[in-house]
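> Sharing a structure, written as structure tokens. Questions coming.
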Amino acid sequence: MEYAHLTLLALFVFVYSTLSGRADRTPLNGALVFAGFGLVMGVHGLGLLDLAVDSEGLQLLAELTLALVLFTDAANANLGILRRTIAVPRRLLLLGLPLTIAAGFVCGSLLFPQLELFEVAVLAAMLAPTDAALGEAVVTNRAVPAYIRESLNVESGLNDGLCVPILFVFLALASGETQVGETPLLALRLVLEQLGIGLLVGFVFTLLATLLLRGAVARGWVEEGWRQLPVVSMALGCFAAAQWLGGSGFIAAFCGGLLFGFVARREKRELLQAAQGTGDLLALLTWVVFGAAVVGNFYDQMTWQVLLYAVLSLTLVRILPVYLCLAGTGAGRAEKLFVGWFGPRGLASIVFGVVVLHRHLPGSATLSLAVVCTIVLSVVAHGLSANPLAARLGRSE
């Protein structure tokens with residue numbers, strides 16, 4: 001039966017890849033199609049696709065996909081535009097992100113009185129980071145103003161790494177591993193480890209690898225058939241090395257991508273093509289697995305509180321902080337609302353959800369249900385609205 005499942009999956013990848021150009025111009029594209037295919041064909045649908053992937057396997061797949069997407073998106077960033085508009089992503093990260101976690105905490109406290117307060121804080125932290133893979137349809141759409149594209153790209157590239165120490169602090173408090181009085185020292189240590197090691201590994205690893213790669217390319221040492229591998233291995237190496245040393249692999253991957261795009265700006269266009277294709281394939285597989293093996297296990301447990309929290313997480317909890325923190329930046333009302341709306345939840349929240357699930361908190365079932373519901377709504381809502389709203393914003397400029 002494994003070969004039958006592989007055949008079905010291979011046919012789906014083939015068909016979608018041949019129609020990808022057409023699909024990308026419609027509301028039905030990317031993660032929405034992938035997750036929908038997994039759900040319909042999976043054991044909770046037609047039963048034709050049985051993907052026996054455990055939580056650790058899903059976490060690893062989502063982590064590697066996110067690391068590769070972060071690296072390639074960062075490498076493609078326009079640093080000239082980013083330098084001129086750095087105030088926007090800086091506000092989104094330093095003001096918008098804490099406000100989003102605080103708003104998520106308030107809504108969760110009201111809707112889930114059965115959860116401990118630190119469990120609610122864990123939920124808010126899990127759903128605060130935005131997803132670079134789900135946001136790709138927006139950040140690559142030329143109808144969207146360049147500063148918005150670059151700002152969303154940087155925000156999604158860094159906020160998941162910034163949320164890691166915050167999540168671990170809340171997890172330690174929720175599980176009783178630390179006391180409230182020890183929180184400031186724990187938070188400081190985690191932040192320094194995650195950010196410091198992540199930045200150091202990302203820059204050192206990428207700089208050395210990029211210089212070696214440029215020298216090899218200049219001397220004609222890289223065979224044509226092998227040009228597709230260096231950037232993929234560089235991105236995954238950045239992520240894995242940072243994680244191994246106790247830092248944030250996501251920070252390392254994104255910062256490494258920025259450095260690669262700057263140092264290898266002449267060669268990056270050719271070298272990045274294969275890496276982007278690999279990232280797209282990993283994203284497809286991740287969302288198919290998510291639809292087939294995860295979504296079906298939760299939809300019959302849905303409650304109105306969970307559904308309302310998911311809706312609030314994608315709207316009020318995200319849009320209001322973004323709207324407030326962009327005051328004074330020169331962004332218009334429509335642009336603020338656009339940036340606020342396009343904060344999709346996806347791969348990072350999947351990774352965080354699996355991490356929390358392994359900690360066996362008393363409220364794990366509710367936390368998992370809320371995360372899955374929010375991701376599913378995000379896949380549908382942001383997938384359907386990306387192209388129409390991007391085109392509308394472009395016409396209004």
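> Can you pull out every residue in the range 341-370 that is among the hydrophobic types (A, V, I, L, M, F, W, C) and within 21 Å of Pro113 (Cβ to Cβ)? Walk me through it before giving the result.
We begin by selecting, within the range 341-370, every residue among the hydrophobic types (A, V, I, L, M, F, W, C); these are 341-342, 347-348, 350-352, 354-357, 361, 365, 367, 369-370.
Scanning the range 341-370 gives Val356, Leu361, Ala365, Leu367, Leu369, Ala370.
> Go through the range 133-156 and count every residue that is surrounded by 22 or more Cβ atoms within 10 Å (Cβ to Cβ), at pLDDT below 85 and not hydrophobic (A, V, I, L, M, F, W, C).
2
> Quick check, is Leu199 of a type in the set (A, V, I, L, M, F, W, C), in a helix (DSSP H, G or I), modelled with pLDDT of 90 or more and surrounded by fewer than 14 Cβ atoms within 10 Å (Cβ to Cβ)? I'd like the intermediate steps shown before the answer.
On the way: of a type in the set (A, V, I, L, M, F, W, C): yes; in a helix (DSSP H, G or I): yes; modelled with pLDDT of 90 or more: yes; surrounded by fewer than 14 Cβ atoms within 10 Å (Cβ to Cβ): no.
Judged against the criteria, Leu199 is not a match.
> If you take the residues of the range 85-128 that are within 16 Å of Val169 (Cα to Cα) and not aliphatic (A, V, I, L, M), which of them is surrounded by the most Cβ atoms within 10 Å (Cβ to Cβ)?
Glu119
> Right, here's the next one. Kindly indicate whether Ala275 is in a helix (DSSP H, G or I), among the hydrophobic types (A, V, I, L, M, F, W, C) and under 30 Å from Val43 (Cα atoms).
Working: in a helix (DSSP H, G or I): yes; among the hydrophobic types (A, V, I, L, M, F, W, C): yes; under 30 Å from Val43 (Cα atoms): no.
Criteria not met by Ala275.
> Separate question: Got a number for residues in the range 242-257 being part of a helix (DSSP H, G or I) and surrounded by fewer than 24 Cβ atoms within 10 Å (Cβ to Cβ)?
The initial filter retains those residues of the range 242-257 that are part of a helix (DSSP H, G or I), namely 242-244, 249-257.
Those left that are additionally surrounded by fewer than 24 Cβ atoms within 10 Å (Cβ to Cβ): 243-244.
Summing the residues that are part of a helix (DSSP H, G or I) and surrounded by fewer than 24 Cβ atoms within 10 Å (Cβ to Cβ) in the range 242-257 gives 2.
> Somewhere in the range 317-333, is a residue surrounded by 19 or more Cβ atoms within 10 Å (Cβ to Cβ) and basic (Lys, Arg)?
Within the range 317-333 (the criterion being surrounded by 19 or more Cβ atoms within 10 Å (Cβ to Cβ) and basic (Lys, Arg)), the answer is yes, since at least one residue qualifies.
Rundown of residues vs (1) over 14 Å from Ala75 (Cα atoms); (2) out of contact with any Asp or Glu (no Cβ under 8 Å at 6 or more places or on another chain), yes/no style:
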{"position": "Gly196", "(1), (2)": "yes, yes"}
{"position": "Leu199", "(1), (2)": "yes, yes"}
{"position": "Thr206", "(1), (2)": "no, yes"}
{"position": "Arg219", "(1), (2)": "yes, yes"}
{"position": "Glu223", "(1), (2)": "yes, yes"}
{"position": "Arg227", "(1), (2)": "yes, no"}
{"position": "Val232", "(1), (2)": "no, yes"}
{"position": "Gly247", "(1), (2)": "yes, no"}
{"position": "Ile251", "(1), (2)": "no, yes"}
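> On to the next question. Can you tell me which residues in the range 203-241 are of a type in the set (Lys, Arg) and surrounded by fewer than 15 Cβ atoms within 10 Å (Cβ to Cβ)? Working first, answer last.
If we filter the range 203-241 for residues that are of a type in the set (Lys, Arg), which is where we start, we get 214, 219, 227.
Result: Arg219, single match.
> Quick check on the range 258-288: of everything there that is among the basic types (Lys, Arg) and surrounded by fewer than 18 Cβ atoms within 10 Å (Cβ to Cβ), which residue is nearest to Gly57 (Cα to Cα)?
Pass one, the range 258-288, residues among the basic types (Lys, Arg): 265-266, 268-269.
Then drop every residue that is not surrounded by fewer than 18 Cβ atoms within 10 Å (Cβ to Cβ), which leaves 265-266, 269.
Values: Arg265: 35, Arg266: 37, Arg269: 32 Å.
Filtering the range 258-288 for residues that are among the basic types (Lys, Arg) and surrounded by fewer than 18 Cβ atoms within 10 Å (Cβ to Cβ), the one nearest to Gly57 (Cα to Cα) comes out as Arg269.
> Looking at the range 42-58, can you tell me whether even one residue there is touching a Pro at 6+ places or on another chain (Cβ under 9 Å) and within 16 Å of Val376 (Cβ to Cβ)?
Taking the range 42-58 as the starting set, the residues that turn out to be touching a Pro at 6+ places or on another chain (Cβ under 9 Å) are none.
Within the range 42-58, not a single residue is touching a Pro at 6+ places or on another chain (Cβ under 9 Å) and within 16 Å of Val376 (Cβ to Cβ).
> Does any residue in the range 328-339 that is free of Cβ contacts under 8 Å to residues at least 24 places away in the same chain come within less than 7 Å, Cβ to Cβ, of a residue that is not in a helix (DSSP H, G or I) six or more places away or on a different chain, and which pairs are these?
Lys336/Leu326
> Now for a separate question. Select from the range 357-372 the residues that are of a type in the set (A, V, I, L, M), surrounded by fewer than 24 Cβ atoms within 10 Å (Cβ to Cβ) and closer than 25 Å to Val69 by Cβ and list them in ascending order.
Within the range 357-372, the subset of a type in the set (A, V, I, L, M) is 357, 361, 365, 367, 369-372.
Next cut, surrounded by fewer than 24 Cβ atoms within 10 Å (Cβ to Cβ) only: 357, 361, 365, 369, 372.
Leu357, Val372 - these are the residues of the range 357-372 that are of a type in the set (A, V, I, L, M), surrounded by fewer than 24 Cβ atoms within 10 Å (Cβ to Cβ) and closer than 25 Å to Val69 by Cβ.
> Here is a further query. Looking at Val354, Val311, which one is part of a helix (DSSP H, G or I), buried (at least 19 other Cβ atoms within 10 Å of the Cβ) and touching a residue at least 40 places away in the same chain (Cβ under 8 Å)? Write out each step before concluding.
Values: Val311 fails: buried (at least 19 other Cβ atoms within 10 Å of the Cβ).
From the options Val354, Val311, the qualifying one is Val354.
> Among the residues of the range 363-397, what is the count of those that are touching a residue at least 12 places away in the same chain (Cβ under 8 Å), in contact with a Leu (Cβ under 8 Å, 6 or more places away or on another chain) and not β-branched (Val, Ile, Thr)?
Adding up the residues that qualify gives 11.
> OK, next. Quick one: is Thr65 within 25 Å of Glu2 (Cα to Cα) and touching a residue at least 40 places away in the same chain (Cβ under 8 Å)?
On the way: within 25 Å of Glu2 (Cα to Cα): yes; touching a residue at least 40 places away in the same chain (Cβ under 8 Å): yes.
Yes.
> Here is a follow-up. Buried (at least 23 other Cβ atoms within 10 Å of the Cβ) and charged (D, E, K, R), is that true of Glu56? Working first, answer last.
Details: buried (at least 23 other Cβ atoms within 10 Å of the Cβ): no; charged (D, E, K, R): yes.
Answer is no for this residue.
> Taking the range 360-394, which residues are outside any helix (DSSP H, G or I) and either within 19 Å of the chain's Cα centre (by Cα) or on the phi > 0 side of the Ramachandran plot (or both)? Let's see the steps before the verdict.
Of the range 360-394, the ones outside any helix (DSSP H, G or I) are 360-363.
His360, the sole residue that qualifies.
The values are calculated or read from the model by the stated rules, or taken from the named source; none is laboratory data. Since this is a predicted model, take the numbers as computed values, not measurements. We place every Cβ from the backbone using ideal geometry, glycine too, and count neighbours over all the protein chains shown.
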